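The values are calculated or read from the model by the stated rules, or taken from the named source; none is laboratory data. What you are looking at is a predicted structure, and each value in this text was computed from that prediction instead of being measured. As a convention, Cβ positions derive from the backbone with ideal geometry for all residues, glycine included, and neighbour counts pool all protein chains shown.
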Amino acid sequence: LGKSQCRAAVTRVEIDVFFNFHVLFVFQGKWKNKERVLVFSSRGINFRTRHLMQDLKTMMPHSKADTKMDRKDKLFVVNEVCEIKNCNKCIFFEAKKNMDLYMWVSNVPHGPSAKFLVQNVHTLAELKMTGNCLKGSRPLLSFDPKFDKEPHYALLKELFTQTFSTPQYHPKSQPFVDHVLTFTIADKRIWFRNYQIIEEDASLVEIGPRFVLNLIKIFQGSFGGPTLYENPHFQSPNMCRRLMRMEKAARQKERQMVKEIRLEKRKEVKEVLTEDVTDDVFVTPAEEKPKEVEHEAPRPSKSKKKKKLKLTELKKRTLLKRKGLR
Amino acid sequence: MADVEMETQMGLDSEEDYGELSDAELQEAFSKGLLKPGLNVPLEEPKKAVNNIEGLKMCLAEFKKNLPWVERLDLTNHPAVDVLAKIEGTLNKKQSSGEIDAEDDFQREMYFYRQAQATVLEALPKLKKLQIPTKRPDDYFAEMAKTDQHMQKVRKKLMQKQMAIEKSEKAKKLREQRKFGKKVQVEVLQKRQKAKKAMMTAVKKYQKGMTDKLDFLEGDQEGKKGSTASKSQMSKKGPNAKRKYKDQKFGFGGKKKGSKWNTKESFNDVSGFRAKTAHGKGGKKFNKGGKKNKRPGKETRRKMKARK
């Protein structure tokens, strides 16, 4: 068999095996849980965000993509886009100032929606993340117990569960469960990680992507409606930058002020201290010697140094001689 | 009660309607004791973050889909116990209560890792019961989230890192060895010098007649037997004869002037005499390096032929 024939045979075998397995596992059941997530963004995103979006689409076989939305349109247009695409969940990325990335997660027709600030994005393509998983395999979701303690976190937990979990028997899904997504709350933010399950004893390797979500607000409606929760610890990135700049400015001002004060102090009229009469009591001036004016230059001091020099020179010469002889 | 209500109303409206309150009304309020003397500045109420707990709960109740666990595959759990930390005794009290220091990268990532581990340990038996496979068989080929090309790059990088570590370790070891070797060499030389000095002083003492015993000779023999083994090893590692010759010829600034003098010492010095070269018998160096394919003579060839 030639090379191409060999390859064809192999691929045919693969496809057969794949198909068989698929038939065995996937088409055994009916796909009932009709979840569809629309993943798209606004204009002005950078390469990292684009890759993150792509990664989310590979992770979630129940996702759909759409073209970039114009910034001019109001946010509730997103609801219409979702309806057209027949999706009931939406993940929308909004980039502002080429620096800040906001993410909306929403249950489209009536349900709640949440806005987050995304930070510390690392994509699948990073070489430090060495794990790999099947494309479209169903994930295990792991939540921090803190999600159960407060009502807004509980709502977010439900939202994430419905959005990120792949429905069973979805036609594009793989039948194996080989990776786990973790959501943890630390430092008042939500940290997202994706691990591959290597062994049954729970040894894991990170696949990626990874990001950190900083909750801003939760709304009752989809992309609008009354605010249910506002994060008191959230500081908009503009405020952060502003505070930093103000700090710097304050430091500069302080330095200038200190300089000015120093200059002023120097220019101040100095106080004349009152003289104490009893200061001169113990002062005894020395005897006055007659002033001698020298008209001739003094003689050079005698040569202790010269003798020394002579000795060292001799020594040097003898040493050189000896070395030269050698 | 009416007064209190008035007060609260006044308080709330003070920001917005301040400009609209007429002087007469202000005087009334002052007389009632609601306004204090002095400059009244409208205070901004501190901004309260909206936290509509009831609304949240209602929303959650409406939104929740009661799906069987198979559809969702979600678990909420504390991270698995950190076995290593327990052993080392560095188990942080904070961590066990759930507070993570987000600045300490390693600790934080380990926390996430352990949380995932706990989930996996809990979920796998459940999945087995539901007959959902978790292990991918070896002959199952399917599209992966990362391409094969990408995984090759990852492997390459890992290999490179490992190689770099190994190289640096080797270099460190070599350096250590060299230092050690140098130390040993210096020690041995010093020992030899000491022994020589002791020998000389002993000989001088005997010469001057201070000691009658000739013990130092025996002492020397004993010392020799002990040190021959190590000496032979040292001499093996010492500089080559070739190296020595070159050092002598070119080392320390090249040939010195007056290295060839016809003195008594140089006349009596026969170290440069090679007997074989002198008698013309240094055959090895002047041959072709042994004749290749030495052809036997005519007679020998004839005999060989005859034998066949």
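With respect to A:Leu156, is the statement that it is under 17 Å from A:Lys217 (Cβ atoms), more than 8 Å from chain B (Cβ to nearest Cβ) and crowded, with 22+ Cβ neighbours inside 10 Å true? Please lay out each step first, then the result.
On the way: under 17 Å from A:Lys217 (Cβ atoms): yes; more than 8 Å from chain B (Cβ to nearest Cβ): yes; crowded, with 22+ Cβ neighbours inside 10 Å: yes.
Judged against the criteria, A:Leu156 is a match.
May I ask you to verify whether A:Asn132 is of a type in the set (S, T, N, Q), more than 17 Å from the chain's Cα centre (by Cα) and over 16 Å from A:Leu75 (Cα atoms)?
Details: of a type in the set (S, T, N, Q): yes; more than 17 Å from the chain's Cα centre (by Cα): yes; over 16 Å from A:Leu75 (Cα atoms): yes.
Criteria met by A:Asn132.
I'd like the full set of residues that are touching a residue at least 24 places away in the same chain (Cβ under 8 Å) and facing chain A (nearest Cβ under 9 Å), limited to region B:128-153.
Applying the first criterion (touching a residue at least 24 places away in the same chain (Cβ under 8 Å)) to region B:128-153 yields B:130, B:132.
Passing the criteria: only B:Ile132.
From (1) more than 7 Å from chain A (Cβ to nearest Cβ); (2) out of contact with any Leu (no Cβ under 8 Å at 6 or more places or on another chain); (3) modelled with pLDDT of 90 or more, pick out the condition that doesn't hold for B:Glu122. Evaluating B:Glu122 over (1) more than 7 Å from chain A (Cβ to nearest Cβ); (2) out of contact with any Leu (no Cβ under 8 Å at 6 or more places or on another chain); (3) modelled with pLDDT of 90 or more leaves (2) as the failure. Restricting attention to region A:212-259 and to residues that are of a type in the set (Phe, Trp, Tyr) and touching a helix residue (DSSP H, G or I) at 6+ places or on another chain (Cβ under 7 Å), the residue that is nearest to B:Ile53 (Cα to Cα) turns out to be A:Tyr229.
Which residue out of A:Phe176, A:Phe164 is surrounded by 20 or more Cβ atoms within 10 Å (Cβ to Cβ) and either without any contact (Cβ under 8 Å) to a residue 60 or more places away in the chain or touching a Phe, Trp or Tyr at 6+ places or on another chain (Cβ under 7 Å) (or both)? Walk me through how you get there before you give the answer.
Working: A:Phe164 fails: either without any contact (Cβ under 8 Å) to a residue 60 or more places away in the chain or touching a Phe, Trp or Tyr at 6+ places or on another chain (Cβ under 7 Å) (or both).
Just a single option satisfies the conditions, and that option is A:Phe176.
For A:Ser106, the conditions (1) among the polar types (S, T, N, Q); (2) part of a loop (DSSP other than H, G, I, E, B); (3) within 14 Å of chain B (Cβ to nearest Cβ) are fulfilled apart from (2). Exactly one residue out of B:Glu166, B:Glu109 is at pLDDT 90 or above, in a helix (DSSP H, G or I) and either more than 10 Å from chain A (Cβ to nearest Cβ) or more than 30 Å from A:Leu134 (Cα to Cα) (or both): that is B:Glu166.
Just give me the residues in region B:34-67 being over 22 Å from A:Val108 (Cα atoms), out of contact with any helix residue (DSSP H, G or I) (no Cβ under 9 Å at 6 or more places or on another chain) and of a type outside the set (Lys, Arg), in sequence order. If the condition is that a residue be over 22 Å from A:Val108 (Cα atoms), out of contact with any helix residue (DSSP H, G or I) (no Cβ under 9 Å at 6 or more places or on another chain) and of a type outside the set (Lys, Arg), then B:Gly38, B:Leu39, B:Val41, B:Pro46, B:Ala49, B:Val50 are the ones that fit.
Would region B:80-98 turn up any residue that is surrounded by 15 or more Cβ atoms within 10 Å (Cβ to Cβ), at the interface with chain A (Cβ under 7 Å from one of its Cβ atoms) and either touching a helix residue (DSSP H, G or I) at 6+ places or on another chain (Cβ under 6 Å) or not in a loop (DSSP other than H, G, I, E, B) (or both)? No - not one qualifying residue is present in region B:80-98.
Among the listed residues B:Tyr113, B:Tyr140, which satisfies the condition of being surrounded by 15 or more Cβ atoms within 10 Å (Cβ to Cβ) and more than 30 Å from B:Pro79 (Cβ to Cβ)? Talk me through it step by step, then tell me what you get.
On the way: B:Tyr113 fails: more than 30 Å from B:Pro79 (Cβ to Cβ).
The conditions single out B:Tyr140.
The residue of region A:191-241 that is farthest from the other protein chains (Cβ to nearest Cβ), among those that are within 17 Å of the chain's Cα centre (by Cα) and surrounded by fewer than 15 Cβ atoms within 10 Å (Cβ to Cβ), is A:Arg241. Any residue in region A:92-99 that is of a type outside the set (S, T, N, Q), surrounded by 17 or more Cβ atoms within 10 Å (Cβ to Cβ) and assigned to a loop (DSSP other than H, G, I, E, B)? No, there is no match, as no residue in region A:92-99 is of a type outside the set (S, T, N, Q), surrounded by 17 or more Cβ atoms within 10 Å (Cβ to Cβ) and assigned to a loop (DSSP other than H, G, I, E, B).
Evaluate the following for A:Thr161: is it of a type outside the set (Asp, Glu), facing chain B (nearest Cβ under 7 Å) and assigned to a loop (DSSP other than H, G, I, E, B)? Spelling it out, it is not the case that A:Thr161 is of a type outside the set (Asp, Glu), facing chain B (nearest Cβ under 7 Å) and assigned to a loop (DSSP other than H, G, I, E, B).
Any idea how many residues of region A:48-91 are outside any loop (DSSP other than H, G, I, E, B) and of a type in the set (Asp, Glu)?
So the first thing to find is which residues in region A:48-91 are outside any loop (DSSP other than H, G, I, E, B), and the list is A:48-59, A:63-65, A:69, A:77-85, A:89-91.
When the remaining residues are screened for being of a type in the set (Asp, Glu), the result is A:55, A:80, A:83.
Going through region A:48-91 one residue at a time, the tally reaches 3.
The single condition among (1) hydroxyl-bearing (Ser, Thr, Tyr); (2) crowded, with 23+ Cβ neighbours inside 10 Å; (3) at the interface with chain B (Cβ under 7 Å from one of its Cβ atoms); (4) touching a residue at least 60 places away in the same chain (Cβ under 8 Å) that A:Ser142 does not satisfy is (4). For A:Thr123, indicate whether it is hydroxyl-bearing (Ser, Thr, Tyr), within 27 Å of the chain's Cα centre (by Cα), surrounded by 16 or more Cβ atoms within 10 Å (Cβ to Cβ) and more than 7 Å from chain B (Cβ to nearest Cβ). Here the answer is yes, as A:Thr123 does meet what is asked.
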